[in-house]
Amino acid sequence: VQLQASGGGLAQAGGSLRLSCAASDLTFSRRIMGWFRQAPGKEREFVAAISWSGGSTMYAVSIKGRFTISRDNAKNTVYLQMNSLKPEDTAVYYCAASPSFTTTTMQSQYDYWGQGTQVTVSS
């Protein structure tokens, strides 16, 4: 199983970036998909999660209203649209897959992880 995250880079405060995570060798449509991030010197934290069908989503309070998670099961890909970026959004962003039946914030419930993509937001 491989999760390949991409789309990170450098953005100015107030700008936007779109992250993608392509999955292979995975029953993608039966997996909860999530995004997490880890800032320098901090623990990895939950960002967003999406249900199998995409009909249910969950967001961290810190990014709610600015970020949108979505998925395309035909392409085995999950996305994270990040708008109104802030310097505190600077982190390595990881996508992950969970066999859970419902969206979850708990990292222990995700069994496959991507390699991470760096997002840097300048002020």
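The values are calculated or read from the model by the stated rules, or taken from the named source; none is laboratory data. Note that the structure is predicted; figures quoted are calculated from it, not measured. Because the Cβ atoms are built from the backbone with ideal geometry, glycine has one as well, and the counts that use them run over all protein chains shown. For the accessible areas, the whole protein counts, side chains as well, though only heavy atoms, and no ligand, DNA or RNA atoms are used. Shrake-Rupley method; radii C 1.70, N 1.55, O 1.52, S 1.80 Å.
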(message) For the stretch 63-104, give me the residue count where each residue is in contact with an Asp or Glu (Cβ under 9 Å, 6 or more places away or on another chain) and either surrounded by fewer than 17 Cβ atoms within 10 Å (Cβ to Cβ) or at pLDDT below 95 (or both).
(response) 2
(message) Quick check on the stretch 17-38: of everything there that is exposed (fewer than 13 other Cβ atoms within 10 Å of the Cβ) and assigned to a loop (DSSP other than H, G, I, E, B), which residue is modelled with the lowest pLDDT?
(response) ASP25
(request) Out of the residues in the stretch 105-123 that are open to solvent by 70 Å² or more (accessible area, probe 1.4 Å) and not in a loop (DSSP other than H, G, I, E, B), state the one that is nearest to SER29 (Cα to Cα). (result) TYR112
(message) If I filter the stretch 105-123 down to residues being over 17 Å from MET33 (Cα atoms) and not β-branched (Val, Ile, Thr), which single residue comes out as modelled with the lowest pLDDT?
(response) SER123
(message) Checking SER70 against (1) part of a strand (DSSP E or B); (2) among the polar types (S, T, N, Q); (3) touching a residue at least 24 places away in the same chain (Cβ under 8 Å); (4) within 17 Å of GLN4 (Cα to Cα): exactly one of these is not met. Which one?
(response) (3)
(message) Is it the case, given these coordinates, that GLY55 is over 15 Å from GLU88 (Cβ atoms), open to solvent by 60 Å² or more (accessible area, probe 1.4 Å) and either outside any strand (DSSP E or B) or touching a His at 6+ places or on another chain (Cβ under 9 Å) (or both)?
(response) yes
(message) Any residue at all in the stretch 10-19 that's within 12 Å of CYS95 (Cα to Cα), touching a residue at least 40 places away in the same chain (Cβ under 8 Å) and out of contact with any Pro (no Cβ under 7 Å at 6 or more places or on another chain)?
(response) yes
